[in-house]
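These notes are about the structure you will find just below.
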């Protein structure tokens, strides 16, 4: 079991993240006492040049998944699509999942779970437009605000953020989910 006030949480993002899906969990989890860091290939921005830039605490090359209790993958269309091309991001997701740590993805973030081999055999949700991608990755897709399957948390969209955050806190409180098999 891990108390949220002692939890170390990593968020991975790059250009094109959905602002609310990164900033609200970041703020709310920090308010609850968790240490939350952002990792990415470089500085992280919302889509286009109009968005807010955020500094990253760590570069993808410098993260150690063993140092964290949970991983959060915000959506936005471009963010997960770009991260799918980053081997270090996929490697980190696989490591968190394999070690039984909490992995939470919202909106288009579950694309990353599919690419990392984490979706197969799981119940999941996502933004409706990637439903077939999630099903093709071997998951059973359902239109629910949040689904937790053995510590893998998925959610649909910004409107579901409160339930997403609550489920992250709950699952962190449950602790490790043991070693998991990850599809190749």
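Bear in mind these aren't lab numbers, they're just calculated from the coordinates by the rules spelled out. Since the model is a prediction, treat every value here as computed from it, not as a measurement. Here the Cβ positions follow ideal geometry from the backbone for every residue, glycine too, while neighbour counts run over all protein chains shown.
Of note:
- Contact order normalised by residue count of the chain, Cα under 8 Å, 6+ apart, percent: 22 percent
- Shape call, segment 107-184: gyration tensor on alpha carbons, a/c limit 1.5: oblate
- Here the extension length gained between residue 27 and residue 170 equals 49.8 nm, from 0.36 nm per residue of separation less the Cα-Cα distance.
- Separation of the residue 163 and residue 3 label points, Cα + 7 Å toward Cβ, nm: 3.0 nm
- Footprinting exposure proxy ranking of 2, 154, 35, fewest other C-beta atoms within 10 angstrom first, gives 35, 2, 154.
- Ranked by how many other beta carbons lie within 10 Å on average, peptides 74-82, 3-11 from highest: 74-82, 3-11
- Helical runs assigned H by DSSP (4 residues or longer) give the chain a calculated mean residue ellipticity at 222 nm of -9000 deg cm²/dmol, each run adding -39500 (n - 2.57) before division by the residue total.
- Segment 158-178-segment 67-144 distance, computed between alpha-carbon centres (Å): 15 Å
- Packing-based exposure ordering (other Cβ within 10 Å, fewest first) of 67, 157: 67, 157
- Footprinting exposure proxy for 15, 99 (fewest neighbouring C-beta atoms within 10 Å first): 99, 15
- FRET efficiency for residue 140 and residue 99, using Cβ-Cβ distance with R0 set to 22 Å, rounded to 0.05: 0.40
- Calculated diffusion of the chain, Stokes-Einstein form, Kirkwood radius summed over Cα pairs, 4 °C and 1.567 mPa s, µm²/s: 83 µm²/s
- With the simple spin-label model, which puts each label point 7 Å out from Cα in the Cβ direction, the residue 35 to residue 85 separation comes to 3.3 nm.
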